[in-house]
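Below is one structure, written out as structure tokens; the observations come after it.
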Amino acid sequence: MFITFEGVEGSGKSTQIGLLRQALERAGRTVVVTRQPGGCELGKTLRAILLSPATKNLDYRAELFLYLADRAQHVAEIIRPAQNAGHVVLCDRFADSTVAYQGYGRGLDVALLTQLNDVAVAGAWPQLTLLLDLDPEQGLRRALARNLQADACAAEGRFEAEHLDFHCRVREGYLALAALHPHRFVAIDAAQEPRAVARDIWQAVAARLA
């Protein structure tokens, strides 16, 4: 089973992926945890470029194709082999992030992005996408605090530096995607305390596993 986690900055994806991994392993499942960008060797290089505040004047189209290159290689190198082995794959962001961030956030053509994503994923769409929905202002406060604590502002603070309006458009994009693909998306209230979020996530995952 392939499960993706989506949401605005600071929505708690990393925390919830860790908790879900523990729950799945207790249930006897073999779990592969990965992320985009950065889940494969090529992605590690691209992540440093894409998330660094030092990457200035990056054209939106160039940004898009870097994400697509990472995604295509990630599917081929990590995701599809894990699926073929019967593992549960948990991925921190996937193709929906491109539509939300580069489409709704940056203003690129959503229909075109959908077509390009289809090429990049080569049929490897998730069976379940967990949208951790959160007010962007609250999310940014969380994300900035997290980066300060981890001393990651200089390495991975590029999107946190975007204006609040950008993040509000991203959230609107995610909600539009959830409405468009109700068979795949489950929206979770990420403003709850982490254990409550984890409980809601487990209910959604257990229903699909059953």
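See the values below:
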{"quantity": "Extension gain from His183 to Ala122, taking 0.36 nm per residue of separation minus the Cα-Cα distance", "calculated": "20.0 nm"}
{"quantity": "Gained length - Leu148 relative to Ala207, 0.36 nm times residue gap less alpha-carbon distance", "calculated": "17.5 nm"}
{"quantity": "Within a Gaussian network of the chain (alpha carbon springs, distance under 10 Å), most fluctuating of Gly43, Gly105, Gly86", "calculated": "Gly86"}
{"quantity": "Separation of the Lys44 and Gln115 label points, Cα + 7 Å toward Cβ, nm", "calculated": "3.6 nm"}
{"quantity": "Exposure proxy order (Cβ contacts within 10 Å, fewest to most) of Ser52, Ser11", "calculated": "Ser52, Ser11"}
{"quantity": "Calculated from backbone phi, Karplus (6.51, -1.76, 1.60) coupling profile of the range 70-83 in Hz, x at Gly/Pro", "calculated": "4, 5, 4, 5, 4, 4, 5, 8, 10, 6, 5, x, 5, 4"}
{"quantity": "By average C-beta atoms within 10 angstrom, highest first, the peptides 202-210, 172-180", "calculated": "172-180, 202-210"}
{"quantity": "Candidates Asn147, Asn57, Asn84, ranked by Gaussian network fluctuation over the chain, Cα under 10 Å, top entry", "calculated": "Asn57"}
{"quantity": "Cα convex hull of the range 116-210, projected area averaged across orientations, nm²", "calculated": "7.8 nm²"}
{"quantity": "Length added when fully stretched, Glu172-Asn84, from 0.36 nm per residue minus Cα-Cα", "calculated": "28.3 nm"}
{"quantity": "Among Lys56, Lys13, Lys44: highest mean-square fluctuation, GNM of the chain, C-alpha pairs under 10 Å", "calculated": "Lys56"}
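Where a number appears in this text, it was derived from the coordinates with a stated rule and is not lab data. Since we're looking at a predicted model, the values are computed, not measured. So basically every Cβ, Gly included, is an ideal-geometry build from the backbone, and we count neighbours across all protein chains shown.
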